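The following block contains the structure, expressed as C-alpha cells.
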Number of protein chains: 2
Amino acid sequence: MHRILTVLLVATAAPAFADEGMWTYDAFPAAAVEKTYGFKPSSAWLDNVRLSTVRLAQGCSGSFVSKNGLVLTNHHCAHRCIEQLSTPKKDLVKAGFWATTQAQEARCPALEVNQLVTITDVTAKVKDATDGKAGQAYSDAFKSITADLEKACATAENLRCDVVTLYHGGQYKLYTYKRYQDVRLVFAPEFAIAFFGGDPDNFMFPRFDLDLAFLRIYENDQPANTPNFFPWSPDGAKASELTFVSGHPGGTSRELTMAELNYQRDVMLPRTLLRLAELRGFVGEYQRRGNEQKRHSNALLFGIENSYKALKGMYDTLLNREFYAAKAAAEAEFKAKLEKNPKQKPVLAAFDAIAKSTDALAHVRDRLVLIEERQGFSSELFGFARLLLRASVELPKPNGERLQEFAETALPATKQALFSPAPIYNEFEIARLTVSLTKLRELLGPDDPFVKKVLGRESPESLATRLVKGSKLADVKARQALWDGGQAAVAASNDPMVQLALRIDEDARAVRKHFEDDIEAVQQQNSELLAKARFELYGTSIYPDATFTLRLSYGRVAGWQEGDKTILPFTTLGGAFARHTGLDPFALPPRWLAKKGALNPETPFNFTTTNDIVGGNSGSPVINQKAELVGLIFDGNIHSLGGEYGFEAARNRAVAVHSNAIREVLQKIYGATRLVSELEGR
Amino acid sequence: MHRILTVLLVATAAPAFADEGMWTYDAFPAAAVEKTYGFKPSSAWLDNVRLSTVRLAQGCSGSFVSKNGLVLTNHHCAHRCIEQLSTPKKDLVKAGFWATTQAQEARCPALEVNQLVTITDVTAKVKDATDGKAGQAYSDAFKSITADLEKACATAENLRCDVVTLYHGGQYKLYTYKRYQDVRLVFAPEFAIAFFGGDPDNFMFPRFDLDLAFLRIYENDQPANTPNFFPWSPDGAKASELTFVSGHPGGTSRELTMAELNYQRDVMLPRTLLRLAELRGFVGEYQRRGNEQKRHSNALLFGIENSYKALKGMYDTLLNREFYAAKAAAEAEFKAKLEKNPKQKPVLAAFDAIAKSTDALAHVRDRLVLIEERQGFSSELFGFARLLLRASVELPKPNGERLQEFAETALPATKQALFSPAPIYNEFEIARLTVSLTKLRELLGPDDPFVKKVLGRESPESLATRLVKGSKLADVKARQALWDGGQAAVAASNDPMVQLALRIDEDARAVRKHFEDDIEAVQQQNSELLAKARFELYGTSIYPDATFTLRLSYGRVAGWQEGDKTILPFTTLGGAFARHTGLDPFALPPRWLAKKGALNPETPFNFTTTNDIVGGNSGSPVINQKAELVGLIFDGNIHSLGGEYGFEAARNRAVAVHSNAIREVLQKIYGATRLVSELEGR
C-alpha cells in the first residue's frame, strides 16, 4: 500500500492541502476554496447550508429538501425505523414503503432530528471551572459546568444544547440545536436496491445503490416549516465539478498520540473485531432459523457487518508499516518543537500521562465494555431495566451531578429510547443474551467474582431464558409504571431484569467511575495541554478531529487510480441491471425488473468525490456552489476507511447517489409523483 | 505481565536453564538432569521410553500402557473417532464407551498411530542435493531428495519414513516409524467429564477433567505385541517429584526472526483469529438447530474453540511490549555477533531475504489459505473431490515429483482419510460450505476473477446447496470407483464437486507453487543459513523448535504464583463435585453423581508440572524416573500458550490427569475391571 501521507502534515499541525478537512462552520477556509476552485462561499451561503443540514441523533446526517420539512437521508440511517414499522406480515424493509398521501406518513418510534441553530464559544468558561483540578475533581467539575451550560441554554423542550469538545479540548463550544422528535417515514425503496451488492459491495466502487429514505419532520402534528432547504439541481453532479458535503462525521483519530494509536492497534481494534466476527457468525446463522428471524435480525446484522468492514479497514491502516512510521515521525517532530520552546517544554509530560492512561485503559477495558457498556448483557430488556433503575436514582439529584445520559438536555433522547413502542422479539433476546453472557464468562473467567454474581449456578442459556421469559418490560406500560414509581417501585419490582440490574449496578458504576475519573479525565486534560500547544502554533488553520458535530468539506467529482486501473467516477442505472444475478445480494427488486424498459440506462446512478468524510456523514447532502442538491452521500470507498487516521488524497473517495437517478427512479419505477413534485418545488 | 524472559537466552542460543526444552532423544541433556535432579537417564532408559511413546498421526501423542498394544491418549485426541462411531441414536460422545470384551473394541475409521523406531542423520545428503540451488530449483531438489530418502527407507506398508527438519534446517533427520492403521476404541468416558468445565475452563487450573481414552493397536486382527510400555505407578505423581513427558509437541516459533514474528503478530494471528471467531459464532448457533446438529458438529466446535483460545494466548504474548522488545534485543545481539565474525557476516543477508519473503507471504496469504488450503471450500465432499482429482494426476508421476501428500510414504494416510467410512452430514456440509464461500467472496472481493469463476451467477448458498446435494462422494464406493478409474474417470465424472475441483485446480496449484518456490524455499534456505551460524556457535546444547517430532522434556510437579495468589499443583476428585452445577459445561455425568459415595474424594485428580510442552503433546505420558506412568498430559495453563515463542519458567505449567484418579474411577465408577487388570499387569 502506498499512501500519500498527508497525515504527517496534519499531525504536525501544518495547514492541510488537497481537499482534506472536515471544517467547522465558524472556521471554514473559504479563501482556500476560492484559491483552488474559484468560488468563495459567503457567510450567508454558509448560514443557509448549515440550516439546511440536519443530524439524526442516533448517528447519521440528512438535509431538508423542501420547505415543508422533507428530509433526505440514507435508507441505512432509517433502517431501524423501517424495521420497527414492519410486522411479521408486512415487511417494509423488503417491500419498501411510500406514503401516497400525507396521512400515510408513518411515525418512526425512536428517531430524533437536530438542526444546528447557533454556535457559542464557551472555552473560557469550561477552562475556568476545571482550572487546577485533576482526576475525579476535574471530572466532576467538567460534568458540572457542562450540565450547567447546557441547562441554561435549553430553555425549551425542543432545544437541544450540547457542549462539544473540539481539537481534543483546544476549544469548547456550545452547539444549540432545534430538536425534532416527531419524524415520519415518507419513502423507502426495497432493501434489495437500497443495499444492492450487500456486504460484498459495501465500501466498494463501482456501486449501484439507491441508499435513500425520505422522512418528514412534524411540529404540532403538521409538516414543519423549513425555509432553509436544498433545491433539486436540474443537472445533478457533473464530472470534476466542485462539491460540498455538509454533515456530521462521527469521529476521527487524526490527532491522537502514538500511545493512543498503539492502544487502538493492539487492544481496541483487534478485540472489537473479534467480537464483531463472532457476532456475525452467530447472527448470520440465526437468520437461517427462518424468514421471521431473518426479518427481525436484519438491521443488526447490517450494523455488525458494516462496523466490521469499517474497523477492519482502520485496523489495516494502522498495521501499515509506512503509515505508522510516518505517524511516529510526525509525533517526534512535534515533540522536538515543544522541546525547543522553554514555555512549551513542560507540555511534553502530557505524552507520558496519556501513555500511562492508555495502559490503564487496556487493563480495564474488557470489564468496562462488558459490564458498564452492556456488551456482556446484550438485551433490549436489560437495557430498559438499567435505564429505569438509574433514572430512579439519578433524576432526584441536581442536574450537574447526574450521569450524563440523565442530564436535562439528554433526557428527551433517553426517554424516547426507553418508551419506544418498537416490538421486542423474545427468541432473539434470548439468543443474544446467551451469546453475550457466554462472552462475559469467557473474557472474565468462570471464577471471577462478578461472573459468579451474575451466573450463580446457572448457565448463560438458562439464565438468559429465565430473565427474558420472566420480564414484563417488553410492555411500554410496565416501563412507564416503573419510571413513574421511581426508586420505591424499582426496589419493589420482581421483574428479573430489574433485579439483575440492581444486583450489578454497583459493579457497573464502579468501573465507569474508574474510567471517567482515572482514565478519561487524564486523557482529556492532557490532550487539552497538547491541543493548546498546537493552537499556539497554528490556530484554526487546521480542522479539529470529527466529533459528530456539523462540518463542511469541499472537493470535486473524481475517480481514482487503483494500481494500473483507472476507476471512473460514475456508474449508471444500466450497470445495476448488468450486475443483477437474481440472487441475494445481487437481486434487483421485481419492480425494477418490470420497469427496466422505462428507465434511461445512461442515467448516472452512483458517483465518487474527493470530499473528506467518515462514518456519521451517511445521509449528507452533496451540493454544488449554488447550494443545490446534486447527490446523497452513503458510503466511502475502501481507502476512505483509513480516513480515521489520515486523509489519503490520491485514493480516499466519498460515494454518493446521484440526484438524477433519484428523480428518474422516483418517477419511472415508483411513480412517486407527490414526492417528485415537492422536490421540484411545484 | 511480567515474564521471565528466558526466551532471550534461547534466541541468543545460549544453553537453556530451568526445565525449559523439548529435547530430541539423540541429544538429550542427561547430565543437566542429573545435575538438577540427581538422576541420569541411561541410553537404555531413553530407548525404552522412546519405544513406549506413540504419535497419533492426526496430531496427538500417546503411550503404550500394556504389552498388548493398549494405548492411553486424550479423549480430545480420539474425539473424532468417537463421534464417527456414533449414530443419531447412539451418541458415544455423550454416553461414553467401553468394551467389556475384546470383541467389542471398535475400529476407528481414520486413526493412524506411529512408533518411532530409528533416527538417522541425513543432513549431508539433503544439503548436497540442494547445494547452490535457489527458488524453484531448490524447492524441486529438496522435494526430490526427501521423497527418495523416504521411499528408500519405507520398505514395507507398515513403515513410515519422514525426513524431518530440525533447527530450521540446521539438521535433517530421517525418522522411521512403525505405522499402525488398525486402531480400535477400548474406553472413553462421557464428554461431560472428559471436558468438564468446557471452553471456560480450557487452559485454566484448578481443573477437573478425565480427558482420556484407551485405544488398542491391532496387527492382523489381533492385539499388537508391544514389549515396550509404561507400567502403572503404584503411587502416581507426588509433590515436587521429577517428571518426564515424552511426546510430539506440534510446533514452536522460538527461533523465528523478528520479520517472521511481525508476520505472525500482524497477519497470521489476527486473520486466523477473526476467521475462528466467526466460525465459532456460526457453529455455536448451528448447534441450536437441534440435538442431532449439536451432536455432529461438536468435535468441530471443540476444535475451533480450542484453537481460538490457544492462538489468542499466543497473540497476547506477541502483543506484550516487554516480551517483544526482549525478542528484538536478542536478535540484535545475534546480529552483532555475526557482524563481528568476518566468516559469518554474509549470513546477515539472510535476515533481509526472510523479511522480503514474509512481505510476499502477507500479500498472497489469503489466496493461499482460501484456495489451496480450502478455507474457502469447507466441505468434506470437496476435500474428497480434490484428493481424487489430484491423485489421478499425481500418482502416475515419479515419486520425487509428486505433491507431498501423494509421495509413497504419505499415501497410506492420504488413502485412509479418503476412504474413511465416517458419515457425512449434508445439512452441515451445506452450512459450512455456504459460510466459507461467503468468506471467499468477502476476502477476495465479488469482482475477483477467481471468485467469479467459482460463483458465476450463483450465491454462496445456492452453489453450496447444489454441490452438496448433487455429489455422490459421501459414498465410499463412489470415491473408490474414481480412485480406481484414474484420470479418465475423473475427467468424465459429472459429480459437481469433482467438476468444481477440476475447474479451480490450476488456480490452486499456481498459488501453492508460488508459495513453495518463491516464499517457503527462500525462508527455508535462509533459515538454514542462520541455523548453521548458530550451530557453529552452540551445537546441540540448545534444543530445536518443535516440529511434531518426538521430544522428551523434564521437570517436576509444581504449582505457581499468580500475582499474590499461590496455585497449588493438585486438585481432587472431590473438587469436581464442588464445581458441579448441573448445567453444561459444569454438569458431571449421571454415573458420577450416582457413584459419588464410592469414591475417595481426596484422590488427586489433575496436577501441574514444569515440563515444557505445547499443543501436540496432548495425550503424552507423564512418567517418573522408573519410567512408570504417573499422569497423562491433556493441557497447559494459560501461561503455557506463550510457550510458542518462549518458555516462561515461573508460570508456564503442563496440566495432566493423575494416574491415581484414572484407576479410582475406572474401578469405582465404570467398573472397568478388564482394563484395570490389564493396566496392573495382572
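Do you know which residues across the stretch A:484-496 are assigned to a helix (DSSP H, G or I), out of contact with any Gly (no Cβ under 8 Å at 6 or more places or on another chain) and open to solvent by less than 50 Å² (accessible area, probe 1.4 Å)?
If the condition is that a residue be assigned to a helix (DSSP H, G or I), out of contact with any Gly (no Cβ under 8 Å at 6 or more places or on another chain) and open to solvent by less than 50 Å² (accessible area, probe 1.4 Å), then A:G485, A:G486, A:A489, A:V490 are the ones that fit.
Could I ask something else about it? Say we look at the stretch A:57-67 and pick out the residues that are surrounded by fewer than 22 Cβ atoms within 10 Å (Cβ to Cβ) and within 24 Å of A:G198 (Cα to Cα); which of these is farthest from the chain's Cα centre (by Cα)?
Here the answer is A:Q58.
Also, quick follow-up: Any residue at all in the stretch B:621-629 that's assigned to a loop (DSSP other than H, G, I, E, B), modelled with pLDDT under 95 and open to solvent by 10 Å² or more (accessible area, probe 1.4 Å)?
Our first condition is that a residue be assigned to a loop (DSSP other than H, G, I, E, B); within the stretch B:621-629, this holds for B:624-628.
Next, from what is left, pick out any that are modelled with pLDDT under 95: none.
No, the stretch B:621-629 contains no residue that is assigned to a loop (DSSP other than H, G, I, E, B), modelled with pLDDT under 95 and open to solvent by 10 Å² or more (accessible area, probe 1.4 Å).
Let me ask something additional. Those residues that are in a helix (DSSP H, G or I), out of contact with any Gly (no Cβ under 9 Å at 6 or more places or on another chain) and open to solvent by 50 Å² or more (accessible area, probe 1.4 Å), I need them from the stretch A:443-465; list them, please.
Passing the criteria: A:P449, A:K452, A:K453, A:E461.
Got a number for residues in the stretch A:429-459 being among the hydroxyl-bearing types (S, T, Y), within 11 Å of chain B (Cβ to nearest Cβ) and in contact (Cβ under 8 Å) with a residue 60 or more places away in the chain? Don't jump to the end; show me each part of the working.
We begin by selecting, within the stretch A:429-459, every residue among the hydroxyl-bearing types (S, T, Y); these are A:434, A:436, A:438, A:459.
Now restrict to residues that are within 11 Å of chain B (Cβ to nearest Cβ): A:434, A:438, A:459.
Now narrow it down to the ones that are in contact (Cβ under 8 Å) with a residue 60 or more places away in the chain: none.
So the count comes out to 0.
Now for a separate question. Name the residue that is nearest to the other protein chains (Cβ to nearest Cβ), counting only residues in the stretch A:417-428 that are surrounded by 17 or more Cβ atoms within 10 Å (Cβ to Cβ) and assigned to a helix (DSSP H, G or I).
The qualifying residue nearest to the other protein chains (Cβ to nearest Cβ) is A:F428.
Of everything in the stretch A:312-361 that's within 28 Å of the chain's Cα centre (by Cα), of a type in the set (F, W, Y) and crowded, with 18+ Cβ neighbours inside 10 Å, which residue is modelled with the lowest pLDDT?
Across the stretch A:312-361, the extreme among qualifying residues is A:F323.
If you don't mind, there's one more thing I want to ask. Between residues in the stretch A:480-507 that are touching a residue at least 40 places away in the same chain (Cβ under 8 Å) and charged (D, E, K, R) and residues that are surrounded by fewer than 18 Cβ atoms within 10 Å (Cβ to Cβ) and in a helix (DSSP H, G or I), which pairs lie under 7 Å by C-beta distance while being six or more apart or on different chains?
Pairs that qualify, where the first residue is touching a residue at least 40 places away in the same chain (Cβ under 8 Å) and charged (D, E, K, R) and the partner is surrounded by fewer than 18 Cβ atoms within 10 Å (Cβ to Cβ) and in a helix (DSSP H, G or I), are A:R503/A:K453.
Moving on to the next point. Specify which of the listed residues (A:P206, A:P227) is touching a residue at least 24 places away in the same chain (Cβ under 8 Å) and touching a helix residue (DSSP H, G or I) at 6+ places or on another chain (Cβ under 7 Å).
Working: A:P227 fails: touching a helix residue (DSSP H, G or I) at 6+ places or on another chain (Cβ under 7 Å).
Testing whether each residue is touching a residue at least 24 places away in the same chain (Cβ under 8 Å) and touching a helix residue (DSSP H, G or I) at 6+ places or on another chain (Cβ under 7 Å) leaves just A:P206.
State whether the residues of the stretch A:189-200 include one that is over 28 Å from A:V557 (Cα atoms) and in contact with a helix residue (DSSP H, G or I) (Cβ under 8 Å, 6 or more places away or on another chain).
no
Just name the residue that is most open to solvent (accessible area, probe 1.4 Å) out of those in the stretch A:558-574 that are at pLDDT below 95 and in a loop (DSSP other than H, G, I, E, B).
Ranking the qualifying residues of the stretch A:558-574, first place goes to A:D564.
A follow-up question, please. How many residues does the stretch B:362-381 contain that are among the polar types (S, T, N, Q) and open to solvent by 20 Å² or more (accessible area, probe 1.4 Å)? If you could, list the steps in order and put the result at the bottom.
Step one: list which residues in the stretch B:362-381 are among the polar types (S, T, N, Q), which gives B:375, B:378-379.
Restricting the remaining residues to those that are open to solvent by 20 Å² or more (accessible area, probe 1.4 Å) gives B:375, B:378.
Result for the stretch B:362-381: 2.
On the basis of being at negative phi and either part of a helix (DSSP H, G or I) or crowded, with 20+ Cβ neighbours inside 10 Å (or both), does B:E150 make the cut?
yes
Got a sec? Which of A:A299, A:A259 is away from chain B (no Cβ under 14 Å), part of a helix (DSSP H, G or I) and in contact (Cβ under 8 Å) with a residue 24 or more places away in the chain?
A:A299
Let me ask something else about it. Of the residues in the stretch B:382-416, how many are open to solvent by 30 Å² or more (accessible area, probe 1.4 Å), in a helix (DSSP H, G or I) and among the aliphatic types (A, V, I, L, M)?
Matching residues across the stretch B:382-416 total 3.
Residues that are in contact with a Cys (Cβ under 7 Å, 6 or more places away or on another chain) and surrounded by 15 or more Cβ atoms within 10 Å (Cβ to Cβ): which helices (runs of 4 or more DSSP H) entirely in the stretch A:68-137 hold 1 or more of them?
The qualifying helices (runs of 4 or more DSSP H) are A:75-84.
Mind listing whichever residues of the stretch A:239-258 are of a type in the set (S, T, Y) and either buried (at least 23 other Cβ atoms within 10 Å of the Cβ) or out of contact with any helix residue (DSSP H, G or I) (no Cβ under 9 Å at 6 or more places or on another chain) (or both)? Steps first, please.
At the first step, the residues of the stretch A:239-258 found to be of a type in the set (S, T, Y) are A:240, A:243, A:246, A:252-253, A:257.
The answer is A:S240, A:T243, A:S246, A:T252, A:T257.
Kindly indicate the residue of the stretch B:271-295 that is open to solvent by less than 10 Å² (accessible area, probe 1.4 Å) and in contact (Cβ under 8 Å) with a residue 40 or more places away in the chain and also nearest to the other protein chains (Cβ to nearest Cβ) among those meeting that condition.
B:F282
Regarding the stretch A:22-34, can at least one residue be identified that is within 21 Å of the chain's Cα centre (by Cα) and more than 30 Å from A:A650 (Cα to Cα)?
Within the stretch A:22-34 (the criterion being within 21 Å of the chain's Cα centre (by Cα) and more than 30 Å from A:A650 (Cα to Cα)), the answer is no, since none of the residues qualifies.
Take the residues of the stretch A:175-200 that are β-branched (V, I, T) and open to solvent by less than 10 Å² (accessible area, probe 1.4 Å): which is nearest to the other protein chains (Cβ to nearest Cβ)?
Per the stated criteria, the residue is A:I193.
Here's the yes/no breakdown for (1) farther than 23 Å from A:G376 by Cβ; (2) within 14 Å of another protein chain (Cβ to nearest Cβ); (3) at pLDDT below 95:
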| position | (1), (2), (3) |
| --- | --- |
| A:E461 | no, yes, no |
| A:A488 | yes, no, no |
| A:R503 | no, no, no |
| A:Q524 | yes, no, yes |
| A:R556 | yes, no, no |
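Continuing with the same structure: Does the stretch B:40-48 include one or more residues that are open to solvent by less than 30 Å² (accessible area, probe 1.4 Å) and in a strand (DSSP E or B)?
no
Another one. When you go through B:A501, B:A431, B:A478 one by one, which is the residue that is over 30 Å from B:A277 (Cβ atoms), in a helix (DSSP H, G or I) and aliphatic (A, V, I, L, M)?
Matching residue, one of B:A501, B:A431, B:A478: B:A478.
The values are calculated or read from the model by the stated rules, or taken from the named source; none is laboratory data. Treat the numbers as computed from the prediction; the structure is a model and nothing was measured. Heads up, the Cβs are rebuilt from the backbone with ideal geometry, glycines too, and the neighbour counts pull from every protein chain shown. For the accessible areas, the whole protein counts, side chains as well, though only heavy atoms, and no ligand, DNA or RNA atoms are used. Shrake-Rupley method; radii C 1.70, N 1.55, O 1.52, S 1.80 Å.
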